[in-house]
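Visitor: Provided herewith is a single structure, encoded as structure tokens, for subsequent inquiry.
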Ligand SMILES: Cc1ncc(COP(=O)(O)O)c(C=O)c1O
């Protein structure tokens, strides 16, 4: 007998990736490219700052919105790197990862029934957090072609705007496709947001991971966008700090005030030691980034070449993040069936495109946040698994 559970939460699907994880748990010796967790180590000076914090007994509650020096360092970084002017006291909140930034912000802004435009394919949480806040996620198809890969098409957004539309989600560089939104695309979306009085949730955890001269732009820095842009940043990817769970939110004061309450009455602030580590990370040095991005690029070039040589993949060269999202060509299977085949026949785990939305069906995501040799082994296994196709 059930006493009843929250309809809103019940209505949020559990991730399809659980099927793959469960299968994987019954096997040994699996090589997996499903998780977007950098294989690099957190920089030494960052770890030292955390050790220092422990030694100094910096192990108590901190202000709910984050320690002042960290918020000041964030404001400085936002100004210098992202071109965003923010007030460290009123327009920034330190959060539990980028995820905490998105969660507190969606809870603070959305009301039941609010429609939010989410480019599809999407990072699953970008859609689920809208649902968790009681909103209605509206899929906006990304444009896809073999030559240009995935692109944001402003007209597709326009077509789906109704009088219930409250916000647009943007994630660039993009998970799962590796797309980097161009300045022109973002400008067009900024215009739409202003014309229709919409908020923009901008999710930017991969801001430092771009290739081939591509540039990351923060839409919150565009003229007229500060008052309507809610940006989630993370230390997870840039500094290989996924387990530290630290990120931050930049938003107009009235939103931070409400997000503050969500954080206060849920987790009551962020881990003190991780905040000291984040401060050291933001203060630098940042020279390690050049080598890190060069290594991701080397892996990207290899994985794209290997996948394209297999003929059953049409793999476009992504410009950012650390994912490739090839289209399956004539395999006669859903992406989930194909991924199950790879696991069964090749002991190789990856993520079916279908978990990233309707538009993800027919594609597969491979993360290349693993060593070159490990990725090569994964590619060898795929070749073995598809021999019979
Ligand atoms: C697109 C996107 N946004 C946000 C996040 C959140 O990362 P974290 O909560 O570790 O900062 C991730 C993590 O994979 C991501 O891929």
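The values are calculated or read from the model by the stated rules, or taken from the named source; none is laboratory data. Here the structure is a predicted model, which is why all the values come from computation and not from measurement. All Cβ positions, glycine included, derive from the backbone under ideal geometry; neighbour counts span all protein chains shown.
Visitor: Within segment 154-169, identify whether any single residue is within 12 Å of the ligand (Cβ to nearest atom), closer than 25 Å to residue 34 by Cβ and touching a residue at least 24 places away in the same chain (Cβ under 8 Å), and answer yes or no. Even if it seems obvious, please write down each step before you answer.
Guide: Taking segment 154-169 as the starting set, the residues that turn out to be within 12 Å of the ligand (Cβ to nearest atom) are 169.
Add one more test, that the residue is closer than 25 Å to residue 34 by Cβ, and what stays is 169.
Those still in the list that are touching a residue at least 24 places away in the same chain (Cβ under 8 Å) too: 169.
For segment 154-169, residues within 12 Å of the ligand (Cβ to nearest atom), closer than 25 Å to residue 34 by Cβ and touching a residue at least 24 places away in the same chain (Cβ under 8 Å): present.
Visitor: Could you list all residues from segment 222-248 that are more than 14 Å from the ligand (Cβ to nearest atom) and assigned to a helix (DSSP H, G or I)? Break it down stepwise before answering.
Guide: Within segment 222-248, the first condition is being more than 14 Å from the ligand (Cβ to nearest atom), and the residues that meet it are 222-229.
Within segment 222-248, 226, 227, 228 qualify.
Visitor: Inspect all residues belonging to segment 48-55 and state whether any of them is more than 16 Å from the ligand (Cβ to nearest atom), farther than 25 Å from residue 335 by Cβ, at pLDDT 95 or above and part of a loop (DSSP other than H, G, I, E, B). Explain how you work it out, then say what you get.
Guide: Initial filter on segment 48-55 (more than 16 Å from the ligand (Cβ to nearest atom)): 48-55.
Of the ones still in play, those that are also farther than 25 Å from residue 335 by Cβ are 48-55.
This time we only want the ones that are at pLDDT 95 or above, so: 48-55.
Add one more test, that the residue is part of a loop (DSSP other than H, G, I, E, B), and what stays is none.
No; the residues of segment 48-55 include none that is more than 16 Å from the ligand (Cβ to nearest atom), farther than 25 Å from residue 335 by Cβ, at pLDDT 95 or above and part of a loop (DSSP other than H, G, I, E, B).
Visitor: I'd like the residue in segment 33-46 that is outside any loop (DSSP other than H, G, I, E, B) and in contact with a helix residue (DSSP H, G or I) (Cβ under 7 Å, 6 or more places away or on another chain) and, out of all such residues, is surrounded by the most Cβ atoms within 10 Å (Cβ to Cβ). Explain how you work it out, then say what you get.
Guide: To start, the set of residues in segment 33-46 that are outside any loop (DSSP other than H, G, I, E, B) comprises 44-46.
Then keep just the ones that are in contact with a helix residue (DSSP H, G or I) (Cβ under 7 Å, 6 or more places away or on another chain); that gives 45-46.
Numbers: 45: 14, 46: 23.
Top of the filtered list is 46.
Visitor: In addition: Residue 14 fails exactly one of the following numbered conditions: (1) assigned by TED's automatic domain parsing to the domain that holds residue 251; (2) under 23 Å from residue 169 (Cα atoms); (3) part of a loop (DSSP other than H, G, I, E, B). What is the number of that condition?
Guide: (1)
Visitor: Another question, then. Pick from 57, 87: which is on the phi > 0 side of the Ramachandran plot and either more than 25 Å from the chain's Cα centre (by Cα) or touching a residue at least 40 places away in the same chain (Cβ under 8 Å) (or both)?
Guide: Working: 87 fails: on the phi > 0 side of the Ramachandran plot.
One residue alone meets the criteria, 57.
Visitor: Here's another thing I want to ask about it. If a residue must be over 23 Å from residue 361 (Cβ atoms) and either surrounded by fewer than 24 Cβ atoms within 10 Å (Cβ to Cβ) or more than 14 Å from the ligand (Cβ to nearest atom) (or both), how many such residues does segment 105-134 contain? Steps first, answer last, please.
Guide: Of all residues in segment 105-134, those over 23 Å from residue 361 (Cβ atoms) come to 105-114, 132-134.
In the following step, the residues that additionally are either surrounded by fewer than 24 Cβ atoms within 10 Å (Cβ to Cβ) or more than 14 Å from the ligand (Cβ to nearest atom) (or both) were identified as 107-114, 132-134.
Total satisfying the criteria: 11.
Visitor: Here's a follow-up. What number of residues within segment 183-221 satisfy the criterion of being part of a loop (DSSP other than H, G, I, E, B) and in contact with a strand residue (DSSP E or B) (Cβ under 8 Å, 6 or more places away or on another chain)? Give the steps one after another, and end with the answer.
Guide: In the first step, residues of segment 183-221 are kept if they are part of a loop (DSSP other than H, G, I, E, B); the result is 196-198, 204-209, 211-218.
This time we only want the ones that are in contact with a strand residue (DSSP E or B) (Cβ under 8 Å, 6 or more places away or on another chain), so: 196, 198, 204-207, 209, 211, 214, 216, 218.
The qualifying residues number 11.
Visitor: Checking the conditions here, which among 313, 288 is crowded, with 20+ Cβ neighbours inside 10 Å and either within 16 Å of the ligand (Cβ to nearest atom) or touching a residue at least 12 places away in the same chain (Cβ under 8 Å) (or both)?
Guide: Details: 288 fails: crowded, with 20+ Cβ neighbours inside 10 Å.
Exactly one residue qualifies, and that residue is 313.
Visitor: Looking for something surrounded by fewer than 21 Cβ atoms within 10 Å (Cβ to Cβ), more than 19 Å from residue 234 (Cβ to Cβ), modelled with pLDDT of 95 or more and away from the ligand (no atom under 16 Å from the Cβ) - is there at least one such residue anywhere in segment 73-84?
Guide: Checked segment 73-84: no residue is surrounded by fewer than 21 Cβ atoms within 10 Å (Cβ to Cβ), more than 19 Å from residue 234 (Cβ to Cβ), modelled with pLDDT of 95 or more and away from the ligand (no atom under 16 Å from the Cβ).
Visitor: Restricting attention to segment 264-320, report how many residues are in a strand (DSSP E or B) and either within 22 Å of the chain's Cα centre (by Cα) or closer than 30 Å to residue 59 by Cβ (or both).
Guide: Residues of segment 264-320 in a strand (DSSP E or B): 313-314, 320.
Those still in the list that are either within 22 Å of the chain's Cα centre (by Cα) or closer than 30 Å to residue 59 by Cβ (or both) too: 320.
Qualifying residue count, segment 264-320: 1.
Visitor: Turning to a different aspect of this structure: Take the residues in segment 90-103 that are crowded, with 20+ Cβ neighbours inside 10 Å and assigned to a loop (DSSP other than H, G, I, E, B), then tell me which one is nearest to the chain's Cα centre (by Cα).
Guide: Filtering segment 90-103 for residues crowded, with 20+ Cβ neighbours inside 10 Å gives 91-98, 100-103.
Now narrow it down to the ones that are assigned to a loop (DSSP other than H, G, I, E, B): 91, 96.
On the way: 91: 22, 96: 14 Å.
The qualifying residue nearest to the chain's Cα centre (by Cα) is 96.
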